[in-house]
Amino acid sequence: MGHTSWSAGLVSWIFSFHMPLFFIISGMLFHERQFLDSFKRKAIRLLVPYVFFGTVTLAYWALIERRLRGDEGSVPNALANIVLARAGSDNYPQNAALWFLPCLFVTEMLFLGIFTFVKSKRAIRYDWAVAATLATVSFLSIIAMHSFDLPIDRLRLPWALDILPFSMLFYCIGYLLSRFLMPYMQKSKPKASLHAVYAAIGMAGLGLLRVFDELTRLSVNLNDASTSNPFWMLCAALLGFISSLMLCIAIDCWLLQFLGRASLTIMCVHEPVKRVLIFVMAKILG
């Protein structure tokens, strides 16, 4: 919906929490492992799909779709960017959503590296303090980027490093939330009679978020490493996360579980599939 709707309000509402939500979930699922072992695991799970889908969709776009649609994107730039992994739609004309995978890989590896290093040096006594410190530094970096209006859109850094303050902030928030939420979620399941209550809270929260976005005129686009207000962005991300969590608890079913397991593949193919559907329907309906 966020990649197809003509409604600016709907897109702003979705963008205000959907990418922060993905990084928060990733942080909640953090497991401390030996660095090289984790590097291999994450490379297989994130970078292999990134290169595969990036190459396949680039070949399709360059040889077929680009000619049919008359796109002006640069094939050499798109090819080089599979290695450079600079975020931004111009750098991924074949598949704009791919920036998330190298960004998540760098975020997870940096978090694990700092986490294990600090623990080995016993510089900070509590595990949560490492994540809290990283979150604080990341948030201050976002404020600095916003205050000085850095020209990020004209100079994109390789491997989505310009998005790192945003991704690290929400990843650390996810880790901190997991310390409090995961033990409760794993030990107890709500009674069937409470599912409607959780669903109502979730829907009310997302409705409140829509109103909040309109009142504050909040704009968030992690692909562009930009937000109109870092403080409102943080509030919207937390409200969107809580609302989504309530809905997932209320509507836990095999279909959502299937979509969850397939989410990476869906993310990597929905852009070109969407454009094919739009092109075909436009021809049919005029």
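Things worth noting here:
- Among residues of the stretch 200-223 being among the hydrophobic types (A, V, I, L, M, F, W, C), crowded, with 16+ Cβ neighbours inside 10 Å and assigned to a helix (DSSP H, G or I), the one that is nearest to the chain's Cα centre (by Cα) is 222.
- Index of the failed condition, residue 151 passing every other in (1) in contact (Cβ under 8 Å) with a residue 24 or more places away in the chain; (2) surrounded by fewer than 20 Cβ atoms within 10 Å (Cβ to Cβ): (1)
- All helices (runs of 4 or more DSSP H) inside the stretch 224-286 with 1 or more residues being of a type in the set (Phe, Trp, Tyr) and open to solvent by less than 50 Å² (accessible area, probe 1.4 Å): 230-250
- Unique match (being surrounded by 16 or more Cβ atoms within 10 Å (Cβ to Cβ), touching a strand residue (DSSP E or B) at 6+ places or on another chain (Cβ under 6 Å) and in contact (Cβ under 8 Å) with a residue 40 or more places away in the chain) among 15, 53: 15
- Count - residues of the stretch 72-126 that are touching a residue at least 40 places away in the same chain (Cβ under 8 Å), under 19 Å from residue 31 (Cβ atoms) and of a type in the set (Gly, Ala, Ser): 1
- Members of the stretch 175-199 that are under 25 Å from residue 130 (Cα atoms) and exposed (fewer than 12 other Cβ atoms within 10 Å of the Cβ): 180, 183, 184, 186
- Flag for residue 118 being within 28 Å of residue 249 (Cα to Cα), modelled with pLDDT under 95 and surrounded by fewer than 19 Cβ atoms within 10 Å (Cβ to Cβ): no
- Breaking point among (1) under 25 Å from residue 98 (Cα atoms); (2) in contact (Cβ under 8 Å) with a residue 60 or more places away in the chain, for residue 239: (1)
The values are calculated or read from the model by the stated rules, or taken from the named source; none is laboratory data. Given the structure is predicted, the values throughout are model-derived calculations rather than measurements. Counting neighbours? That spans all protein chains shown, and the Cβs are built from the backbone with ideal geometry, glycine included. Surface accessibility is based on the protein's heavy atoms, side chains included, excluding ligands, DNA and RNA. Shrake-Rupley method; radii C 1.70, N 1.55, O 1.52, S 1.80 Å.
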